[in-house]
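Reading through the structure tokens given below for one structure.
The values are calculated or read from the model by the stated rules, or taken from the named source; none is laboratory data. Since this is a predicted model, take the numbers as computed values, not measurements. Cβ placement follows ideal geometry from the backbone for every residue including glycine, while neighbour counts extend to all protein chains displayed.
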Amino acid sequence: MPGSVLTTQSQMQCPHGGRVQATSSNTKVSAGTGAYVLRMNDTFTIVGCPYQMPAPSGTVPSPCMRVQWLIADRRTQAGQQPTLSETSVGLCFSAQQVPQGNVKVVSTQGKAKSQ
């Protein structure tokens with residue numbers, strides 16, 4: 001499915017409202033906005049996730065810490081790696097590697113599309 005390409009300026013969140021910070025090694029392909037296109041193998045860390053898990057003695061902090069992308073663009077690549085778009089699927093994980101829900105794309109650029 002085509003969608004707007006995610007870039008280093010795109011805003012994403014974990015399901016609990018934590019902010020996803022993308023670090024890309026891509027320094028060649030931009031979306032025409034001065035921001036570089038994000039790829040499946042880039043690094044995505046999460047800050048400010050307030051999630052707490054129920055525990056016998058109350059709750060235990062279990063914030064989302066990183067994103068692992070499961071579905072990237074099928075036909076679009078940058079630097080021989082699949083790009084990401086608003087239709088890509090990423091899963092947020094805690095520090096204990098527990099999956100805690102899908103990434104939510106809040107905003108992205110509107111110029112470049114992918115497939």
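Per-structure values
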quantity	calculated
Some residue of the range 25-40 being surrounded by 11 or more Cβ atoms within 10 Å (Cβ to Cβ), out of contact with any Asp or Glu (no Cβ under 9 Å at 6 or more places or on another chain), closer than 14 Å to ALA95 by Cα and touching a residue at least 40 places away in the same chain (Cβ under 8 Å)	no
Contacts under 6 angstrom Cβ, first residue in the range 51-69 being without any contact (Cβ under 8 Å) to a residue 12 or more places away in the chain, partner in a loop (DSSP other than H, G, I, E, B), 6 or more apart	MET53/SER62
Subset of the range 53-98 [charged (D, E, K, R), more than 14 Å from ASN41 (Cα to Cα) and touching a strand residue (DSSP E or B) at 6+ places or on another chain (Cβ under 7 Å)]	GLU86
Residue selected from the range 62-71 under the condition modelled with pLDDT of 95 or more and surrounded by fewer than 17 Cβ atoms within 10 Å (Cβ to Cβ), by the criterion farthest from THR8 (Cα to Cα)	LEU70
Residue list for the range 8-24, restricted to those being within 20 Å of ASN102 (Cβ to Cβ), touching a residue at least 40 places away in the same chain (Cβ under 8 Å) and of a type outside the set (A, V, I, L, M)	SER10, GLN11, GLN13, CYS14, PRO15, HIS16, GLY18
Residue within the range 72-89 that is surrounded by fewer than 17 Cβ atoms within 10 Å (Cβ to Cβ), in contact (Cβ under 8 Å) with a residue 60 or more places away in the chain, under 17 Å from the mean Cα position of the chain (by Cα) and part of a strand (DSSP E or B) present	no
Selection within the range 1-24 - over 19 Å from LEU70 (Cα atoms) and crowded, with 21+ Cβ neighbours inside 10 Å	GLY18
